[in-house]
Amino acid sequence: MLQCLSAAWCMRVLEGNRSTWYFVLLVLVYVLYLVFGAVVFSLVESPYEDLLREELGTLKQQFLQDNDCLSEERLEQFLAKALEASNYGVSVLNDTSTNYNWDFTSALFFASTVLSTTGYGHTVPLSDEGKAFCILYSVVGIPFTLLFLTAVVQRIMVFSTRRPVAYVQRRWALSKPLVSGVHAGLMALIVVSCFFLIPAIIFSVMEEEWNFLESFYFCFISLSTIGLGDYVPGEGYNQKFRQLYKVGITVYLLLGLIAMLVVLETFCELQQLKKLRKMFYLKKEITEDQLNIVDHDHFSFASVSDPVASLYSMNNGDQSILFFNVISASYTCAIAA
């Protein structure tokens, strides 16, 4: 008897807090995914890091042996200064001395990476005034960019997703989940082709030191707003049409970000994903006003046995109030269910 009661109690606890248990499971899976990524990156990248350290150490010792008049301390000071300048986007190499980081097109590219939160990190403000302005510019610009992107995506969604799905659904009498799923897959395929594959081919041609994988990697890191900064286009020696190239990259990043948001919004509207999200969300609490409406509008079959006659006997105002109460009660009951 006690076992049956305890089992029933456990079932009630599990059923009553299902979203909480799903959320706990989600947190555990996410933590495990983070650990899995850390383990894989560590195993894959550690050997390459050790090899690079050995090569740099060998080159440093060889350089000191070839230049006896140069002490290791002076070499360390020079390298530290060179690395510090490199972190600010200034290189000591002769083949990059003609590339300026703060001409108009480069500054425009930098502003776009700041507002889109991509932030490659290859170019950063040097002065205190520039750093202070960057803070103020971002505080205003990032929310403004989110507002701008939201407005643009909302309008594009009407013509790219909602109307085509509704038209196909009515035209061929297909189920909405099926049409929406196929449409989302086609949208993803088009965006991948137009903003990943084709640009990767172009970048692999324009950037002499990039292969296709590195170009595709740059496109993904940029449009996902990760922005690691290990690959930045237009920074090579004697880059052809560098000014125009930088402007083109800025436009590409903006359009690509919009396309990515459209695809994400399209997938978020799928019924399957909505059901999946609801598994981890807390249920909406019914407000006191909604409870009062439900209590007030509990209609029995006897009270609505002749609704047509009742409606005809009312004036327009009473009809509107009754109609509003019926709809409100139905909507509230649907939420509660």
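Just so it is clear, none of the values below were taken in a lab; they were calculated from the coordinates. Here the structure is a predicted model, which is why all the values come from computation and not from measurement. Neighbour counts are summed over all protein chains in view; Cβ atoms, including those assigned to glycine, are modelled from backbone coordinates with ideal geometry.
Give the order of W21, W210, W172 when sorted by the count of other beta carbons within 10 angstrom, beginning with the fewest. By the 10 Å Cβ count, ascending, the order reads W172, W21, W210. From the Kirkwood radius over Cα pairs of the stretch 117-175, Stokes-Einstein at 20 °C and 1.002 mPa s returns a whole-number translational diffusion coefficient of 143 µm²/s. For every other residue with a beta carbon closer than 13 angstrom to the beta carbon of K274, add +1 if it is Lys or Arg and -1 if Asp or Glu, then tell me the sum. With Lys, Arg at +1 and Asp, Glu at -1, the net is +2. Applying 0.36 nm per residue to the separation of D68 and D230 and subtracting their alpha-carbon distance, the gain on full extension is 54.9 nm. Centre-to-centre, using Cα atoms only, the stretch 32-64 and the stretch 186-245 are separated by 25 Å.
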